[in-house]
Each structure stands twice: as C-alpha cells, then as structure tokens.
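The values are calculated or read from the model by the stated rules, or taken from the named source; none is laboratory data. All figures in this text were calculated on a predicted structure; none of them were measured in a lab. Glycine also receives a Cβ, built like all others from the backbone with ideal geometry; neighbour counts cover every protein chain displayed.
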Amino acid sequence: MDFLFCYNLPMEFIHSEDGKDGAIAMGDELAEALKKGSVTWLVCGGSSIALAVIAMRHLREKTSEEDLARLTVGLTDERYGDVGHKDSNWQQLLDAGFDTAGVDVIPTLIGAPLAETVTAYAEKLDRALDADTVIVQFGIGADGHIAGILPGSSAVTAAELVAGYEAGPYTRITMTPPAFDRVDIAYAFVFGESKREAVEKLRTQDLSISDMPSQLLKQIPAKSIHTDVYCR
C-alpha cells in the first residue's frame, strides 16, 4: 500500500550555512513552551547532534531549573545494540556534551531483546507525546528518509508509535507516521549538496511517504527547514 501524507500545511524554508541560528531559535521555543507547561523534545543523531547540544546550552541559559523539570527528552530514532554502544545516537549525543541534568529522559536502549525494547520505548513515547507541547528536531537524508523511516521500509506502514527493523548496517528503532500526528513543532536541519534534491522535492512535490518519508513533515502544524542548499 502506498501511503500519502495527510495534509499540507505551510512550511518555512530558511537558508542557513550551519544551522546554529535554527538551534538557538529551537532553544528559545523550548524555553517559551516550558513557561506554559510540560514539553517533550525529541532529538535526532547524525550530523544534527552538534545542533542539539547548542540548543540545550541555550535553553539552560534561558530557563529556570523549575521550568527545566517539566522537560522530557528522547530520541526520534536509535540504532539497536547494547546500552552505550559506539554507534548509539544517544551515546553520541552524551559524548558531544548534551546535558541531561535536571530533565526527564526516556532512553531507547534498555539492554533487552529488540521486540521488548521497541515495546518499552513505544510505551514511554506514548506518555511523552501527551505533553502540552511536543517539539522535534529532525534531519533529512539524501534519500528523503526522516527519523529512522527509510523509503519503502516496514516503518512506513507501522501502526504502532515505534518500529524496529533491520536496514543496512544497523537494526533501527524509530518513531513512525502515527507519532508524527502528535508533534506540534518541528525543526529540520538539512545540509550538504547531496541533500539538494531532497530539499527541492520536499518544497515542490507531494510524494508518497513510502517514496519520501520526509513528506511526513507536511502534516506537522509548525515546521521550519534550515538548510544551505535552498534557493528561492
């Protein structure tokens, strides 16, 4: 079955050389949301790790400890394995200086078999997505993937909030299309000439989720794409 995105809301494309301004803006948005209530922030790995670190540092400068206690942090996707393994997105975030002190974290890896790990994270994510505001940081692959949802993968048609499957060198655990329905604000960071085609397709074409999972961004109420390969 070929799934299409649900609806197409306005999407802001912002030219950026390195994404740092977008990371600061995300930190500001997190701070404002925390003044009003509970917030869940899902972050991604890969090339966006450094931007998550910047956003967290800025957030701490703008927010009281009392407000930070209302923040829950988790991942959009993870690479399955032992807790703290070298390819783990969460471990790489921590190694890069992502400071989780004083906030609630929902780690994906728990040292259990894949099916148990997926079920446990789905339960934690379900609770986290009930926050007053859900803000998610994404990257987009050159193939149009988002989070751990690869084109044509089983994650595209998953009915649960979290899916686990083998793809390439990794077994992936990822949020799925149903989870996108519960996101309020998205920041996507997309850099490098190899991503130009993906950015242009996202901007100009309405494709199926199976062909281009990043089309899922279009159903999120507020989203901005920060990229160095966008030209008006």
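Summary of computed values
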quantity	calculated
Subset of region 15-44 (residues that are out of contact with any Lys or Arg (no Cβ under 8 Å at 6 or more places or on another chain) and either among the charged types (D, E, K, R) or assigned to a loop (DSSP other than H, G, I, E, B) (or both))	Ser16, Glu17, Asp18, Gly19, Lys20, Asp21, Glu29, Glu32, Lys35, Lys36, Cys44
Test: residue in region 174-188 that is at pLDDT 95 or above and over 29 Å from Lys20 (Cα atoms)	yes
Any hit, region 25-47, residues being in contact with a Cys (Cβ under 9 Å, 6 or more places away or on another chain) and either closer than 24 Å to Ser214 by Cβ or among the small types (Gly, Ala, Ser) (or both)	no
Residue among Thr76, Thr100 that is surrounded by 20 or more Cβ atoms within 10 Å (Cβ to Cβ), in contact with a strand residue (DSSP E or B) (Cβ under 8 Å, 6 or more places away or on another chain), at pLDDT 95 or above and among the polar types (S, T, N, Q)	Thr76
Cβ-Cβ under 9 Å pairs, at least 6 apart or on other chains, region 212-232 side of a type in the set (Asp, Glu), far side assigned to a strand (DSSP E or B)	Asp228/His15; Asp228/Val190
Scope region 55-91; condition of a type in the set (A, V, I, L, M) and assigned to a loop (DSSP other than H, G, I, E, B); matching residues	Ala69, Val83
Filtered residues of region 57-104 (kept if in contact (Cβ under 8 Å) with a residue 12 or more places away in the chain and of a type in the set (S, T, N, Q))	Thr63, Thr72, Thr76, Ser88, Asn89, Gln92, Thr100
Condition broken by Arg172, with the remaining ones in (1) of a type in the set (D, E, K, R); (2) under 21 Å from Ile49 (Cα atoms); (3) assigned to a helix (DSSP H, G or I) satisfied	(3)
Any pair with Cβ under 9 angstrom, 6 or more apart, that starts in region 105-119 at a residue that is modelled with pLDDT under 95 and ends at one that is surrounded by 15 or more Cβ atoms within 10 Å (Cβ to Cβ) and not β-branched (Val, Ile, Thr)	Pro107/Gly74; Pro107/Leu75; Pro107/Glu78; Pro107/Trp90; Pro107/Tyr121; Pro107/Lys124
